[in-house]
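Since the structure comes first, as structure tokens, the remarks are kept for the end.
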Amino acid sequence: MNILSTDDSTIESALRFACTSCGKCCNGLRLLLSLSEAVDWLAHGGRVELLCDAAPDLPFPEGSGEAYRAARAVPATSQALPVTIALLPTAVFDGPCPNLQADMRCGAYERRPNACRIYPAEIRPDRRIMPAEKLCPPEAWGGDRPAFSDPLRGIADPVTAFAITGARTAGIEDVARKARLLKRLGIDQVALANEGYAVWKPDPALLLEALRAVMEDVAPNDIQPVDVEIISLRAETRQMIAEAEGADAMPDPTRGYDYLPLYA
């Protein structure tokens with residue numbers, strides 16, 4: 001089946017796509033949320049975890065993935081090392097999403113998170129949509145399916161395009177609130193970006209209370225300083241952090257978080 005269409009073989013092909021309601025993208029996920037979406041997910045009985053990592057506070061080329069991350073990260077320090085902290089609220093569930101109905105349709109469609117509205121597109125502008133890497137079946141792509149994305153005009157589907165804009169905007173607007181959330185929850189150990197995540201698991205009631213408090217803050221743009229230790233299982237990574245005058249540590253699960261490595 002041809003999933004691509006183009007009138008010019010010299011440019012990247014356009015994509016055609018339509019959801020088949022197979023439900024494959026609604027099982028066993030870590031679903032990225034904005035802070036307001038995390039409040040809604042918790043308020044309806046869901047489980048939310050906080051993935052945290054740190055990267056050096058450096059200038060990055062405009063349009064790069066590093067620049068995209070930095071614009072949505074909390075300015076911080078690790079001892080004498082300037083860093084930025086990405087705090088990623090994620091809805092977590094094993095097996096089917098709690099909102100997935102027997103007919104494979106969403107039972108919370110009108111309030112579903114933007115991550116659900118965006119899939120199988122990419123929220124980050126530096127990433128291409130790769131059908132082979134998506135959970136959607138082959139019949140979701142190509143044929144007489146509607147135009148989904150175009151290399152010259154971007155996302156053609158208006159719902160998806162609107163959700164991407166909303167998610168990108170929320171990521172920037174949430175920065176100051178995330179800084180206060182880190183402090184309020186006492187999160188002071190984070191993983192190194194591209195090596196892993198510290199996965200904090202606050203009590204749902206405590207997290208919901210903290211989220212509501214920072215969302216109601218009257219000074220949303222007042223970013224409070226955050227200081228963290230950078231954790232790693234690798235001795236060479238901890239040595240590198242120490243040599244950069246950062247605070248390094250081994251992961252400490254007794255602190256209430258798990259360590260999620262991004263390497264074998």
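Nothing in this text is a laboratory measurement; each read-out follows from the coordinates by a stated rule. Here the structure is a predicted model, which means the values were calculated and not measured. Because the Cβ atoms are built from the backbone with ideal geometry, glycine has one as well, and the counts that use them run over all protein chains shown.
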Report summary line: Residues whose modelled amide H sits under 5 Å from the amide H of VAL228, counting only those 5 or more places away in sequence or on another chain, are THR77, SER78, GLN79
Report summary line: For the stretch 129-141, in residue order, the Karplus 3J(HN,Hα) values (coefficients 6.51, -1.76, 1.60; θ = phi - 60°; whole Hz; Gly and Pro = x) are 7, 10, x, 5, 9, 9, 7, 5, x, x, 6, 6, 10
Query raised in the report: How much of the DSSP beta bridge set in the chain is antiparallel, as a percent to the nearest 5?
Result: 80
Report task. Using amide H atoms built 1.01 Å from N in the peptide plane, name the residues 5+ places from GLY196, or on other chains, whose amide H lies under 5 Å from its own. Result -> LEU262
Requested in this report: Let me see the pair-distance distribution of the stretch 106-205: every alpha carbon pair, 5 Å bin width, integer percents in order.
Outcome: 2, 9, 14, 18, 19, 15, 11, 7, 4, 1, 0
**Report entry** Cβ-based exposure ranking for THR165, THR77, THR84, in which fewest neighbours within 10 Å come first
**Finding:** THR165, THR77, THR84
Report task. Any chance you could list P(r) for the stretch 67-106, counting all Cα-Cα pairs in 5 angstrom bins from zero, rounded to whole %? Result -> 6, 18, 14, 13, 9, 8, 12, 9, 6, 3, 1
Requested in this report: At 4 °C and 1.567 mPa s, grab the translational diffusion coefficient of the stretch 151-264 from Stokes-Einstein with a Kirkwood Rh over Cα pairs, rounded to a whole number in µm² per second.
Outcome: 78
**Report entry** Dimensions (Å) - the stretch 116-159, Cα atoms, principal axes, largest first
**Finding:** 26, 20, 18
Report summary line: By the rule of another cysteine's Cβ lying under 4.7 Å, the cysteines of the chain that fail to get a partner are CYS19, CYS22, CYS25, CYS52, CYS106, CYS116, CYS136
Query raised in the report: Counting only the backbone N, which residues of the stretch 190-212 are under 20 Å from the spot 7 Å out from the Cα of LEU233 toward its beta-carbon?
Result: 190-201
Report summary line: Here, ARG255 and GLU139, labelled 7 Å along Cα→Cβ, have an inter-label distance in nm of 4.9
Query raised in the report: Over all distinct alpha-carbon pairs, what is the Kirkwood Rh of the chain in angstrom?
Result: 20.0
Query raised in the report: Among the DSSP beta bridges whose two residues both lie in the stretch 149-264, what percent are antiparallel, rounded to the nearest 5?
Result: 60
**Report entry** Along principal axes, Cα extents of the stretch 3-136, largest first, whole Å
**Finding:** 54, 50, 22
Query raised in the report: To the nearest 0.05, what FRET efficiency results for ALA156 and ASN221 with a Förster distance of 25 Å applied to their C-beta separation?
Result: 0.15
Report task. List, in order, the whole-Hz ³J(HN,Hα) value for each residue of the stretch 229-246 obtained from phi through the Karplus relation with A = 6.51, B = -1.76, C = 1.60 and θ = phi - 60°; use x for Gly and Pro. Result -> 9, 9, 9, 7, 7, 8, 4, 5, 5, 5, 5, 4, 5, 5, 5, 8, 6, x
